[in-house]
Amino acid sequence: MDVLVTYDISTEDAKGQRRLARVASTCERYGHRVQYSVFECRIDGVLLERLMSELLLEIDGRRDSVRIYRLGASFEVARLSLGTHVYSGSDPWVL
């Protein structure tokens, strides 16, 4: 399957800078960078679970956000979020 991995890591302190580097390094093992914090990956379900597990070990779920989109599916089905949820109220992607 094709997935798009995006992340927003809080870098207000040195720990955040290290988390950012580790998250980028993890993503590089599974796909290729298309923007600073966006990776395209062609992986199977087992590798997706492994990627998510590794990212959960690296992020601070209270401060950081990772979004994984399975391409080819509707946004309701496609979006997997780890860490903070950036939207308040209704989701702007849902019509």
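Here, each number is a calculation from the coordinates, and none is a lab measurement. A quick note: this is a predicted structure, and the numbers were derived from the prediction, not measured. In this analysis, Cβ positions are derived from the backbone assuming ideal geometry, glycine residues included, and neighbour counts consider all displayed protein chains.
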Report summary line: In nanometres, the difference between 0.36 nm per residue of separation and the alpha-carbon distance of residue 2 and residue 15 is 1.6 nm
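Taking the Cβ of residue 48 as the centre, find all other residues whose Cβ is under 15 Å away and add up their charges (Lys, Arg: +1; Asp, Glu: -1). Before the final figure, lay out each step's value.
On the way: positive: 29, 42, 50, 67, 70, 79; negative: 2, 40, 44, 49, 54.
Taking every Cβ under 15 Å from that of residue 48, the sum is +1.
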Report task. Apply 1/(1 + (r/R0)^6) to the Cβ-Cβ distance of residue 80 and residue 44, taking R0 = 22 Å, and write down the FRET efficiency to the nearest 0.05. Result -> 0.90
